[in-house]
Amino acid sequence: MQKPTMRVLVFSASLRRESLNTKLAGLVARRAEERGATVDHAAMRDFDCASYDGDAEATAGIPAGAQELQRRLGASDAFVIVSPEYNAAMPGVLKNVIDWTSRFRPQPFDTRHGLLLSASPSLAGGNRGLWSLRIPLEHLGARIYPDMFSLAAAHKAFAGDHLADAALQARLEKTVDAFLELAEAAKHYPCAKRAWVEFLGQPPSNAGDRVDPPA
Ligand code: FNR
């Protein structure tokens, strides 16, 4: 019997047409497809939401952009976010849609595997933004891959459909491959799942659950 393929949601958190992060997301998606994954190519615009407002939630419910992210996370085994760094943190639009999406029950990020990347013209490649992005995602129970990939001097880094620096391109591919292997192992082998939970120091008990049980 043939192994089912991994389904991976990939999106860049930039709204900009000429976005460097969207370019990097394209390379990640292509690599994942080369490795046999089925990629859902998403755009930040697909998840557009007004600023989180508890009153709006109470009267109108969760907006369409967050519903779309919930639906596409639910249809995937893993997700990849390629995010710009704004003032040493993640973009507000990204935090906003994470906040809205966290209001669904069951909570869609819980136990889902995620990989984070960034691109910036700066020498740090936007890496500080990814550390800020890890916080809400890990809080929500997502299994964020320990390695992150930050592309420095990104305005000069691309050469057609790959990175100009062969060593960097190889590192990008290795990061994507290793992430897919871990997410795939967790999908197919319950023992790998258990090991991950133990690694987080969070035994699977009702008391430790961050997700409300279904009504
Ligand atoms: C930035 N940029 C930026 N870059 C960085 O490395 N560290 C930072 O803290 C910031 N801060 C920041 C704030 C704001 C409001 C803007 C608009 C930009 C520069 C940013 O990395 C650059 O514009 C990228 O090209 C944005 O990503 P996209 O749109 O190319 O994907």
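The values are calculated or read from the model by the stated rules, or taken from the named source; none is laboratory data. If you're wondering where the values come from, they're calculated on a predicted model, not measured in any experiment. When we count neighbours, we look across all protein chains shown, and the Cβ atoms used for this are built from the backbone with ideal geometry, even at glycine. Surface accessibility is based on the protein's heavy atoms, side chains included, excluding ligands, DNA and RNA. Shrake-Rupley method; radii C 1.70, N 1.55, O 1.52, S 1.80 Å.
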Gained length - R45 relative to D110, 0.36 nm times residue gap less alpha-carbon distance | 21.1 nm
Hey, what's the chain come to in accessible area per residue, 1.4 Å probe, Å²?
-> 52
Rounded to the nearest Å, what's the spacing between the alpha carbon centres of region 9-39 and region 111-152? Just the number, please.
-> 15
Would you rank V28, V39 by solvent-accessible area, highest first, keeping every protein chain in place and using a 1.4 Å probe?
-> V39, V28
How much length, in nm to one decimal, is gained on full extension between D53 and I135, taken as 0.36 nm per residue of separation minus their Cα-Cα distance?
-> 27.4 nm
Note the full-extension length gain between A75 and T38 as 0.36 nm times their separation in residues minus their Cα-Cα distance, in nm to one decimal.
-> 12.2 nm
Please name whichever of G61, S51, I81 sits farthest to the positive end of the charge dipole of region 35-84, dipole taken about the Cα centre and charges placed at Cβ: Lys and Arg +1, Asp and Glu -1.
-> I81
Where a Cα-Cα gap under 19 Å defines reach, which aspartates and glutamates qualify for K95, not counting those fewer than 8 residues away within the same chain?
-> D46, D48, D53, D55, E57, E68, E85, D110, E138
Got a number for carbon plus sulfur as a percent of region 1-107's accessible area, 1.4 Å probe?
-> 49
